[in-house]
Amino acid sequence: MRSLLLIVLVSSAFCQIMSEEVVEKWNFFEIALEGPSKGNPFMDVELTAVFSQSDKSVRVRGFYDGDGIYKIRFMPKYEGPWQYVTHSNHDNLHGKSGGFTCIPPGRENHGPVNVQNGFHFAHADGTPYYPVGTTIYALTQMSDEIIDQSIETLKNSPFNKLRLLVFPKQWNYFINHDPPDFPFLGSKEEGWDFTRFNPSYFQRLDRTISSLHDLGIQVDLILFHGYDWGKWGFDKMPLDTDLKYLQYLLARVSAYQNIWWSMANEYEILGDHTTEVWEELAQYVVDHDPYDHLRSIHNASTFYDHSKPWITHLSVQNHKTSRIKEWREKYHKPVIVDECSYEGDIEYSWGDITGEEMVNRFWKGYTSGGYVTHGEVFMNVDTLMFWAEGGNLVGESPSRIAFLKKIMEEGPAGGIDPLPYEPSWNRKFKAGVDPDYFLHYFGEGQPKQRTVSLPEDGVFSIEVIDAWNMTINQLPGTYSGIVKVPLPGTPYIGLRIKRVKK
């Protein structure tokens, strides 16, 4: 993948922009400026830049990155020459100007992910995107060695989306250590200075997002969570501090093309955040993200009102992935069950399902017209728990999820939608693009035969899929009309039916 980032270092005396400076469309251009380090640069210094091209202009906010360096990051959406000029209340940072050329994206650079066809996703260049996610909540709390190990694991996995926390997390025996550093200066013993961010903490987040970008992995970045339990107090910050934090974070990371915003994980856990507070925080993100990244909010047990216009898709916790069709019809938005329980062996019911059941929930979710996210919580595996800390995957579901992902990618480019299943007493899971492509799934059932009704005016091939054993067997010949399909009489079987001619 082409380099994500072009950096221009601008001294306080001059700005020199070379004509060969280029950045790919949807990657980002960064300006580094030398400025004041005394006082409180995070609060005292205002810095923005206006990037312009022809009749287009975009204003973006800069941020202080420590050691007297201020940065401004910009993701161009249009090719051709761009110019910029900075605006600041500090003379050394004000009026700096320059430019760069935005060139066409490289072969693997498809741009940010957006909603497509109402219930599905695609990159900005139209390339379909099928969310096949996993979870490493506290990855950036870990050492550089463990982060690198986890990135290597993800490189060799099927996962193309990662749920990741910004703030540290601790809970029970899962994560009971302090991170290498914290998002604010100060200490938990003497108190945090919520007016001074810790650049090294956010630089680790930068490196992680960038590494995931290079693997083609979307970062579903969780902005707030309640798993602090009073240890550090980051879940109890006042609203004005929440807003200052969002200002700093959005300035740092919104120019990454692989960012999604998740307002919270289990939003109800933050009991002092009322609906009015969530709405104000969400509106701030909408107003200050120049790139309109995807946005959601995740629940524990009670759904947020997903009809709110700022919500682009549902991020759901519920073990019944078969209910995706119901939620699609209610909210008219894409649905991702980001937490359907986890494959593992811990004492809690949300983390003790088998690999078979995880794969089963993935298939039910996909054939209900939505998507599902994975997680893994095995005890005493290399002393790390993947769902929280990363490391290595050891469960049985990832390879089977990779098998399903391949079926997704081989299907209709715009995604598949739930379809009526006839007859009613045979109801299982059926999705597709009528009348050309059908994907049936029988879940825990183990029929020896299923009757399917195909259009009389077409000719179709039929394949029998074993979701667990990862096999695809094509039946001989072609079919139309009412067909009695022989099946192996085992669980986790599906049918893929494709029109071969009219």
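The values are calculated or read from the model by the stated rules, or taken from the named source; none is laboratory data. This structure is a prediction, so every number in the text was calculated from the model and none was measured. Neighbour counts run over all protein chains shown; Cβ positions are idealised from the backbone, glycine included.
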Candidates 368, 341, filtered to the one that is under 30 Å from residue 177 (Cβ atoms) and at pLDDT 95 or above
341
Of (1) over 20 Å from residue 162 (Cβ atoms); (2) in a helix (DSSP H, G or I); (3) in contact with a Phe, Trp or Tyr (Cβ under 8 Å, 6 or more places away or on another chain); (4) in contact (Cβ under 8 Å) with a residue 40 or more places away in the chain, residue 285 satisfies every one except (1)
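What strands (runs of 3 or more DSSP E) completely inside region 182-275 contain at least 3 residues that are hydrophobic (A, V, I, L, M, F, W, C) and within 20 Å of the chain's Cα centre (by Cα)? Walk me through it before giving the result.
Working: elements: 184-187, 191-197, 218-222, 259-262.
Here the list reads 218-222, 259-262.
Please pick out the residue among 95, 111, 126 that is in a loop (DSSP other than H, G, I, E, B), free of Cβ contacts under 8 Å to residues at least 60 places away in the same chain, under 23 Å from residue 59 (Cβ atoms) and not charged (D, E, K, R).
Numbers: 111 fails: free of Cβ contacts under 8 Å to residues at least 60 places away in the same chain; 126 fails: under 23 Å from residue 59 (Cβ atoms).
Checking each option against the conditions leaves just 95.
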Matching residues in region 362-395 (under 19 Å from the mean Cα position of the chain (by Cα) and part of a helix (DSSP H, G or I)) number 7
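Are any of the residues in region 150-171 more than 23 Å from residue 395 (Cβ to Cβ), free of Cβ contacts under 8 Å to residues at least 24 places away in the same chain and surrounded by 16 or more Cβ atoms within 10 Å (Cβ to Cβ)?
No, every residue in region 150-171 fails to be more than 23 Å from residue 395 (Cβ to Cβ), free of Cβ contacts under 8 Å to residues at least 24 places away in the same chain and surrounded by 16 or more Cβ atoms within 10 Å (Cβ to Cβ).
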I'd like to check something: does region 264-274 contain any residue that is in contact with a helix residue (DSSP H, G or I) (Cβ under 8 Å, 6 or more places away or on another chain), surrounded by fewer than 22 Cβ atoms within 10 Å (Cβ to Cβ) and small (Gly, Ala, Ser)?
no
What pairs come out if I take residues in region 63-74 that are crowded, with 16+ Cβ neighbours inside 10 Å and pair them with residues that are part of a loop (DSSP other than H, G, I, E, B) and among the basic types (Lys, Arg) whose C-beta lies under 8 Å away, six or more apart or interchain?
none
Within region 96-115, does at least one residue satisfy the condition of being at pLDDT 95 or above, among the charged types (D, E, K, R), buried (at least 21 other Cβ atoms within 10 Å of the Cβ) and not assigned by TED's automatic domain parsing to the domain that holds residue 373?
yes
Taking into account only those residues within region 14-30 that are in contact with a Ser or Thr (Cβ under 9 Å, 6 or more places away or on another chain) and modelled with pLDDT of 95 or more, which is nearest to residue 251 (Cα to Cα)?
27
Would region 140-148 turn up any residue that is crowded, with 19+ Cβ neighbours inside 10 Å, modelled with pLDDT under 95, of a type in the set (A, V, I, L, M) and over 18 Å from the mean Cα position of the chain (by Cα)?
yes
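Considering only region 129-149, how many residues are assigned to a strand (DSSP E or B) and not small (Gly, Ala, Ser)? Working first, answer last.
Let us first name the residues in region 129-149 that are assigned to a strand (DSSP E or B), namely 129, 133-135.
Okay, now just the ones that are also not small (Gly, Ala, Ser), so 129, 134-135.
Number of matching residues: 3.
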Hey, could you check region 167-222 for residues that are at pLDDT 95 or above and of a type in the set (Ser, Thr, Tyr) and say which is farthest from residue 137 (Cα to Cα)?
195
Assuming residue 319 fulfils every condition listed in (1) buried (at least 18 other Cβ atoms within 10 Å of the Cβ); (2) in contact with a Phe, Trp or Tyr (Cβ under 9 Å, 6 or more places away or on another chain) apart from one, which condition is it?
(1)
How many of the residues making up region 203-257 are more than 25 Å from residue 121 (Cα to Cα), of a type in the set (Val, Ile, Thr) and crowded, with 20+ Cβ neighbours inside 10 Å?
0
